[in-house]
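Reading through the structure tokens given below for one structure.
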Amino acid sequence: MSTVTDDPAGREPTLVADGAGYPGHITVRQRALTTVARAVTAESLGVDPGQVSVTLRDDSGLLGLDVVTPISIPDLDTVGAGYAGTTLLQRISDAQTVIRSGTTRITGNQVGRVDIRVRGAYIKQERRVPR
């Protein structure tokens with residue numbers, strides 16, 4: 001179990017390895033946390049990390065994430081008439097779970113609430129192989 005502590009001197013939060021048997025502290029900078037959360041979000045929603053904005057906040061002692069991102073959707077001209085993909089709300093709910101667990105796994109910081117605001121759609125173009 002890891003915890004984040006604030007330094008009264010105003011430095012970056014510090015990750016303390018509780019019970020790991022190693023002396024000292026591991027410092028994970030805010031920029032690194034943001035970069036990891038952006039990458040995990042982009043991968044889970046099928047967009048470029050440069051299109052994702054993440055703001056970190058305190059969520060009752062956990063790491064809270066406010067995410068603003070587009071979402072990838074299939075080109076409706078290329079899917080069949082009977083296409084029954086998952087709903088947008090289900091994809092966002094699934095992405096919240098993936099973002100929470102992936103960011104926690106990579107950074108060691110326990111992620112709490114993940115708020116996602118979808119600001120657009122990125123239409124995935126089917127790549128066609130020339131004949």
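The values are calculated or read from the model by the stated rules, or taken from the named source; none is laboratory data. Remember, predicted model here, so these are calculated numbers, not experimental data. Cβ: placed from backbone, ideal geometry, glycine included. Neighbour counts: every protein chain shown.
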Here is a list of conditions, (1) part of a loop (DSSP other than H, G, I, E, B); (2) acidic (Asp, Glu); (3) modelled with pLDDT of 95 or more, and Glu12 meets all of them except one; can you say which number that is?
-> (3)
Note on the range 97-120: residues outside any helix (DSSP H, G or I), in contact with a helix residue (DSSP H, G or I) (Cβ under 9 Å, 6 or more places away or on another chain) and surrounded by 15 or more Cβ atoms within 10 Å (Cβ to Cβ) are Asn109, Gln110, Val111, Gly112, Val114, Ile116, Val118
Note: among Val47, Val79, just one is modelled with pLDDT under 70 and in a loop (DSSP other than H, G, I, E, B), namely Val79
